[in-house]
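See below for the structure under consideration.
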Amino acid sequence: MAIAVSEAVVGESEVISYNSPGFKGLIKEPYIFCLACFASIGGLLFGYDQGVISGVLVMSNFAKEFPSLANDATLQGWMLSILTLGAMIGALFNGPISDKFSRRWSILYAEILFLIGSILQCAAMTVAMMFIGRLLSGLAIGMTSMVIPLYLSEIAPPNIRGSLVTLQQLGITLGIMVAFWLQYGTQYIGGTGDYQSQAAWRLPLALQCLPCLILAIGTFFLPYSPRWLMQKGREEEALQTLCRLRRVSPDDHRVQLEILEIKVAQKFEEKTSPSTSKNQSSIRAALEQYWQFFRTSHLRKRIIIACALQIIQQFTGINAIIYYAPQIFKAVGLQGSTVSLLATGVVGVIDFLATIPAILYMDRWGRRKVLIIGGIGMSISQLIIATLYAVYKNSWSEHPAAGWAACAFVWVYIAHFAFSIGSVNWIIPSEIFPPAVRGKAVGLAIASNWLSNFIVALIYPRMLKAITFGTFYFFLAFCLILIVWVYFFLPETKGVSMEQMDQIFGGSSAQENIQLMAEIRDELGLSGSGKVIGEEKVEELDTSHVEKV
Ligand code: BGC
């Protein structure tokens, strides 16, 4: 599949730069940095709710309250999976919702659902209440998992877009870590045996309402995405919001240029998207847009990239570890449940800490380099875990050092996952699509993440039983696929403005589109010279890998 790049169009673009990438860039943009940290509370809820349930399920008081659940492994499996299935639906539907009602208000809708879901879970008297609560929370988590990276991408200046979107992953890992250590503590309320109090599991489920409420209230103070405003024809507001976000006056040449670029992209979309008749229902119009992903070559390439990244991410085995870490550590011979639980707690801490370098360096190193380095580290780790498992699977107890080595390489795997594909999978889908289809495309991509998450959680225990160490070789295969696929097929998108993505993926490369783009740019007075406008030069648009996609 080759994406042709139009040099004519690339040459005409001006690269707008507000500041440097990385830590310096974040510090110089305190307003947008704070906004992104705040929006990442959505990620925290995702990680927390995903992480909290496995600990709750094994608490003795929970088993006393819900004996039918405690004694039925299949029902327990569904209790875990209903969240992922709900999230898949939530992500898919939130594309059109966030297009229609705005990114900002769709965050609020999700938080309302999450609040109801959490209340049902912590107040559950019956298994049905628990299930409905998990489903509603799942829907909400799916919605926020797609809209927060989308929102952050749309408000971010190109130089720190990767860092800002990675804050969502930092939120997720923080949530997983807090959930683990919190319930590690609350399990002692009333003692761990027969006298364990209900608070041991109701409290961690109830506590998630607090950040949820904070995020819900905060949405009233979040600005709209300027790109969404432009899409809705609210041009004046888009300019004002952009000025607020960039903390410059409306006559700043960079902000003027940026708003013009957004407008050009919008106009180009309007002129090239299939026209929808006034009588066409909004459902038909939305379906027509989904159909575009398969029919239009450059959109097809982008959606394949966005979904492949999600599927590969999940099949490298991350959630086999996140969900089943205590069992894995026990299986490799770590003695005692406390030891294996502590080893699991370390997974959470490493996952969190190793996300920080991604925030600092994503926009310097670029998505490709980060993914390849991470993929190599993950491959080596999976190879060692699988081989140790193959050699010592019947004699772990005689070889404690081998067990600890396997445990250490689980940690090494997590660290490499966290700074690479754990973070990049949110960035790429939210930055590569043109405005008219962006919401739906991100929804589709993130839904494929949740679907793969569901499949891995479902097959992992069965695979471990059937092919034992082969399971880790299976995950290794996907780590290797990641390296090869990124090397040959993934274009670099760091520092590229969202409006320039067309030049990378070929949306404006057909001869008639080049002409049309030139006309629109002329019409809006944007026939540029290819110069860099701003304080620090952003690297030139790297199109070297595009030919091969
Ligand atoms: C993945 C989740 C995973 C988490 C762990 C995310 O990027 O999408 O499925 O549980 O990372 O940190």
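Here are a few things to note about the model shown:
- Verdict on R134 being more than 17 Å from G51 (Cα to Cα) and of a type in the set (D, E, K, R): no
- Screening segment 377-405 for residues that are assigned to a helix (DSSP H, G or I) and of a type in the set (S, T, N, Q) and picking the one that is surrounded by the fewest Cβ atoms within 10 Å (Cβ to Cβ) gives S397.
- Some residue of segment 154-163 being within 16 Å of the ligand (Cβ to nearest atom), within 16 Å of the chain's Cα centre (by Cα), crowded, with 24+ Cβ neighbours inside 10 Å and within 30 Å of S340 (Cα to Cα): no
- Qualifying helices (runs of 4 or more DSSP H) (wholly inside segment 451-541; at least 3 residues being touching a Pro at 6+ places or on another chain (Cβ under 9 Å) and either open to solvent by less than 70 Å² (accessible area, probe 1.4 Å) or at pLDDT 90 or above (or both)): 501-505
- Residue in segment 171-209 that is farthest from the ligand (Cβ to nearest atom), counting only those that are crowded, with 17+ Cβ neighbours inside 10 Å and β-branched (V, I, T): I189
- Scanning segment 406-432 for residues being surrounded by fewer than 24 Cβ atoms within 10 Å (Cβ to Cβ) and among the acidic types (D, E) gives a total of 0.
- Set A408, A418: member being assigned to a helix (DSSP H, G or I) and more than 15 Å from the chain's Cα centre (by Cα): A408
- Yes/no for A110 being open to solvent by 10 Å² or more (accessible area, probe 1.4 Å) and at pLDDT 95 or above: no
- Residue check, L120 part of a helix (DSSP H, G or I) and open to solvent by 40 Å² or more (accessible area, probe 1.4 Å): yes
- Unique match (being touching a Ser or Thr at 6+ places or on another chain (Cβ under 7 Å) and closer than 23 Å to A179 by Cα) among C209, C243: C209
- Residue within segment 317-325 that is more than 13 Å from the ligand (Cβ to nearest atom), modelled with pLDDT under 90 and within 24 Å of Y473 (Cα to Cα) present: no
- Residues located in segment 249-275, provided they are free of Cβ contacts under 8 Å to residues at least 24 places away in the same chain and open to solvent by less than 70 Å² (accessible area, probe 1.4 Å): S249, D252, V255, P274
- For segment 58-75, the set of residues classified as in contact with a helix residue (DSSP H, G or I) (Cβ under 6 Å, 6 or more places away or on another chain) and without any contact (Cβ under 8 Å) to a residue 40 or more places away in the chain consists of A63, A70, listed by residue number.
- Matching residues, segment 366-407, being at pLDDT 95 or above and among the charged types (D, E, K, R): R367, R368, K369
- Y48 satisfies every condition listed in (1) within 16 Å of the ligand (Cβ to nearest atom); (2) open to solvent by 10 Å² or more (accessible area, probe 1.4 Å); (3) within 30 Å of Q503 (Cβ to Cβ); (4) not acidic (D, E) except (3).
- Candidate set from segment 335-363 (those that are touching a Leu at 6+ places or on another chain (Cβ under 9 Å) and hydroxyl-bearing (S, T, Y)); member that is modelled with the highest pLDDT: T355
- The single condition among (1) farther than 23 Å from C209 by Cα; (2) surrounded by fewer than 19 Cβ atoms within 10 Å (Cβ to Cβ); (3) of a type outside the set (V, I, T) that P96 does not meet is (2).
- Residue identified as within 15 Å of the ligand (Cβ to nearest atom) and open to solvent by less than 10 Å² (accessible area, probe 1.4 Å) among G374, G439: G374
- Scanning segment 329-349 for residues that are open to solvent by 10 Å² or more (accessible area, probe 1.4 Å) and assigned to a helix (DSSP H, G or I) yields K330, A331, S337, T338, V339, L341, L342, T344, V346, V349.
- In segment 283-316, residue least open to solvent (accessible area, probe 1.4 Å) [restricted to those that are of a type in the set (S, T, N, Q) and more than 16 Å from the ligand (Cβ to nearest atom)]: Q292
The values are calculated or read from the model by the stated rules, or taken from the named source; none is laboratory data. No experiment lies behind these values; they were computed from the predicted model shown. All Cβ positions, glycine included, derive from the backbone under ideal geometry; neighbour counts span all protein chains shown. These area figures cover heavy atoms from the full protein model, side chains too; ligands, DNA and RNA do not enter into them. Shrake-Rupley method; radii C 1.70, N 1.55, O 1.52, S 1.80 Å.
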